[in-house]
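What follows is one structure encoded as structure tokens, with my remarks underneath.
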């Protein structure tokens with residue numbers, strides 16, 4: 001498991017999650033292409049974070065980026081800067097400037113391939129095939 005993290009990124013977690021959801025579960029090469037084409041402010045730092053995780057994999061585990069996929073990407077809320085906006089008649093309106101903590105986990109693609117179908121699902125596939133064959137014979 002290869003990880004990298006980004007702390008106190010000054011964009012709301014809700015906005016960062018939009019970009020994070022686009023690359024979740026994808027291979028690293030596909031994720032890089034998605035981040036290059038996306039038109040969101042969070043794509044640049046998430047691209048740098050992905051590149052950092054790939055560098056960690058190649059330096060620490062000798063795994064190339066072609067053999068990796070994004071196993072998990074998590075966006076949590078960081079601290080909130082509380083500011084105020086002057087309003088009418090001397091009052092103040094609160095402004096919350098939110099920050100994000102992003103962590104990414106990469107894993108080898110072989111680990112994804114090892115999760116094969118269970119014997120129960122193979123039995124259910126066979127039963128579905130047999131049912132469709134019966135229906136086709138009756139027609």
Next item on the list: Could you check residue 103 against (1) touching a strand residue (DSSP E or B) at 6+ places or on another chain (Cβ under 9 Å); (2) surrounded by fewer than 16 Cβ atoms within 10 Å (Cβ to Cβ) and say which number it fails?
Entry: (2)
Checklist line | Total residues in the range 28-52, condition farther than 18 Å from residue 17 by Cβ and touching a strand residue (DSSP E or B) at 6+ places or on another chain (Cβ under 8 Å) | finding: 2
Notebook entry, point to check: Restricting to strands (runs of 3 or more DSSP E) lying wholly in the range 1-119: which have 3 or more residues that are over 20 Å from the mean Cα position of the chain (by Cα) and modelled with pLDDT of 95 or more?
Noted result: 68-86, 92-108
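The values are calculated or read from the model by the stated rules, or taken from the named source; none is laboratory data. Bear in mind the structure is a predicted one, so any value in this text is a computation, not a measurement. A quick note on method: Cβ atoms are made from the backbone with ideal geometry, for glycine too, and the neighbour counts reach across all protein chains shown.
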